[in-house]
Every structure is written in structure tokens, then in C-alpha cells.
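Below: one structure, written as C-alpha cells.
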Amino acid sequence: MAELSVLGTDEVPIHTDADVVRVRQLVRAAAVAAKLSLVDQTKIVTAASELARNTLIYGGGGQAVVETVNDGRRRGIRALFRDEGPGIADVDLALTDGYTTGGGLGLGLSGARRLCDEFELDSAVGAGTCIQVTKWTR
Amino acid sequence: MERVPILKIGRVLLVSVQIDLQDQTALALQEDLSERIVSTGARGVLIEISALEIVDSFIGRMLSTIASISRVLDAETVVVGMRPAVAITLVELGLSLGGVRTALNVEKGLEILDRDMTVEDDNVIEDEPAGSAAGSVTEARWPN
Ligand SMILES: Nc1ncnc2c1ncn2[C@@H]1O[C@H](COP(=O)(O)OP(=O)(O)OP(=O)(O)O)[C@@H](O)[C@H]1O
Ligand SMILES: [Mg+2]
């Protein structure tokens, strides 16, 4: 595969509800600029909203990095969410539809994975969580 | 924090969401609507979301909760105006919007609510002996 080039990077701290909205707006703007279809824009923004909220609620706050990338063939939007919270002990369980420890619907993580083309989750108990999602133009 | 305005038109409360909803704003709307249903005696709630660019699990849960609360308070909720891209995304996310009635636009939503209220009015009239004005009693108890 050709080398991945990064065309633009934005960072947003996630510490409040308003920051979650800011992440959505940033991802939307990047997805529009990268010419993702309207449905794909909506999918990546929705996934980002879920992951940003998890970073805030379970991770105790953290950071989002939103990048526009090009893999030599197509453009994409890559969003990374990281926190230094408690981590996820059982990743498979956390990715199960309906599993929640916070009284939610348990759809954020599993749904975000379905909505994106690539989904990578790194987590260590006591150290934190890092999740990266990518959506490519078609 | 911004708040979403609630309008009263006849026996219907109309909410048109025109801002990117923060979680706290969504929760406040839930509470404000519950209070307004009781204080106005509204029988229907119409939530217009054509300006919403996404419905994620939190907003979806808010819509379901509003529908449940309003039902307990004897009002029906209809959500209208969802964008097609939002509908596609919501289904893939896995949200079912359990118990939420939907319609394509405000006009169709109002038709649904009107129909419900008309059916109920007919029932009330049939149940009551002639001469007792059940409808006006309700209105007198719940001034606008
Ligand atoms: N950043 C994180 N740090 C620690 N735990 C997490 C993190 N993100 C998710 N989790 C765990 O994974 C579970 C599932 O997350 P998911 O987003 O799918 O559901 P939820 O947030 O509980 O509900 P929903 O997102 O549907 O409102 C959470 O309840 C939580 O226990
Ligand atoms: Mg979640």
C-alpha cells in the first residue's frame, strides 16, 4: 500500500459537553472538505460523537485528534480519541451491543465500529484508552 | 447552556430543535417538556428535528424517554423531519427508537396527533351523559 500522508490535523481537548459538540463540528467540517458523501459524513460524525462522549464520561476527559489523510488512492477522515482513565478490562464485552456500565444503551462502541471503515482500540487497565476510527471516500 | 424553546399551539406542544444539542441541553428539554405537558394539559408533543445533523445514542435515548414520559402524562409524541442520512446512520448504529412515533413532516405529524385527539374527544362525549361539557372542564382546569 502507498504511504499514508496526513493533509491536516486538529486537536480538541474533551472535558465538557460543549467539547463533544466541538468534536462533532470539527469532524463534520473535515468530512465535508474531504468530500465524503452526506451519509458517510453523518456516519463518521455520529461515531465521533459516541467516542467523544465515552472519553468524557468513562475516560474522565481526554483528547480528540482529527486528521484528513490520503493513502495514495483516496482521502479519508481519521479521528483518534484518547484518555488516561481506568481503561477497558474486557474489550470484547465492551464491544457487545447493549453492554453498558453507565446506564446507557451500550451502543456507542459497537455502533461506532459499524459506522466506520476502520476501528482500532487500545486499552490498558489503569492506564487509559485510545480508539482510532477511519472513514474513506468511495 | 442553551435551552430549546417549547411552543404551545392549541393542545400540542411544538419543539423545533435548531441547535447542535449538548447532552445537558437534551436533558433539560426532557424536563422542560414534562413540566409543560402537565402545566398546559397538552395532549400532543411534536418534535421537529430536520435541523439535526446527527441522532446518536444519547439523543436517541432522549427521544425515547420523552415519548415514554409524555405517554405516562397522557400525551402522545411524534418526531418529525428526520433527515434521510440521519435515519440510515441511526439504524446502522443500532438504535431502534423504541416507542417513538415518527412522521415525515410537521403537517403529517399534526394529522396524527389531531386524529388521536379527535378519537379521544368522541370517546369522552360517548362516555358522558348529555349536557356535561367534558371538554370545557379540561380547558378550565388547565389555563393557557
Ligand atoms: N474510554 C473508555 N474508558 C473506559 N471504559 C470505556 C470507555 N469507553 C467505553 N467504555 C466502557 O464500554 C462500555 C460500552 O460503551 P458504549 O459506548 O458501547 O456504551 P455506553 O456508553 O454505556 O452507552 P451508549 O453509548 O449507548 O449511551 C461502557 O459502558 C464502558 O464501561
Ligand atoms: Mg457510549
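The values are calculated or read from the model by the stated rules, or taken from the named source; none is laboratory data. Only a predicted model underlies this, so the values are computations on that prediction, with no experimental measurement involved. FYI the Cβ positions are ideal-geometry reconstructions off the backbone, even for glycines, and counts take in every protein chain you see. Heavy atoms of the whole protein, side chains included, go into the accessibility calculation; ligands, DNA and RNA do not. Shrake-Rupley method; radii C 1.70, N 1.55, O 1.52, S 1.80 Å.
Here are the numbers for the structure shown:
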| item | result |
| --- | --- |
| Meets criteria (over 12 Å from the mean Cα position of the chain (by Cα), within 14 Å of ligand 2 (Cβ to nearest atom) and modelled with pLDDT under 95) for A:G85 | no |
| Residues of region A:58-88 classified as within 18 Å of A:A127 (Cβ to Cβ) and out of contact with any strand residue (DSSP E or B) (no Cβ under 7 Å at 6 or more places or on another chain), total | 2 |
| Count of region A:37-71 residues which are part of a helix (DSSP H, G or I) and polar (S, T, N, Q) | 6 |
| Residue within region A:117-129 that is touching a residue at least 60 places away in the same chain (Cβ under 8 Å) and more than 11 Å from ligand 1 (Cβ to nearest atom) present | no |
| Residue identified as on the phi > 0 side of the Ramachandran plot, more than 14 Å from chain B (Cβ to nearest Cβ) and open to solvent by 10 Å² or more (accessible area, probe 1.4 Å) among A:G103, A:G87 | A:G87 |
| Residue that is farthest from the other protein chains (Cβ to nearest Cβ), among those in region A:25-39 that are surrounded by fewer than 24 Cβ atoms within 10 Å (Cβ to Cβ) and within 14 Å of the chain's Cα centre (by Cα) | A:L26 |
| Single unsatisfied condition, A:T129 versus (1) in contact with a Ser or Thr (Cβ under 9 Å, 6 or more places away or on another chain); (2) more than 15 Å from ligand 2 (Cβ to nearest atom) | (2) |
| For A:R82: the one exception among (1) away from chain B (no Cβ under 14 Å); (2) more than 14 Å from ligand 1 (Cβ to nearest atom) | (2) |
| Filter pass, A:S49 being hydroxyl-bearing (S, T, Y) and open to solvent by 10 Å² or more (accessible area, probe 1.4 Å) | no |
| Residue list for region A:49-66, restricted to those being near ligand 2 (Cβ under 9 Å from one of its atoms) and either closer than 11 Å to A:V12 by Cα or of a type in the set (D, E, K, R) (or both) | A:E50, A:R53 |
| Region B:69-112: number of residues that are open to solvent by 30 Å² or more (accessible area, probe 1.4 Å) and within 14 Å of another protein chain (Cβ to nearest Cβ) | 11 |
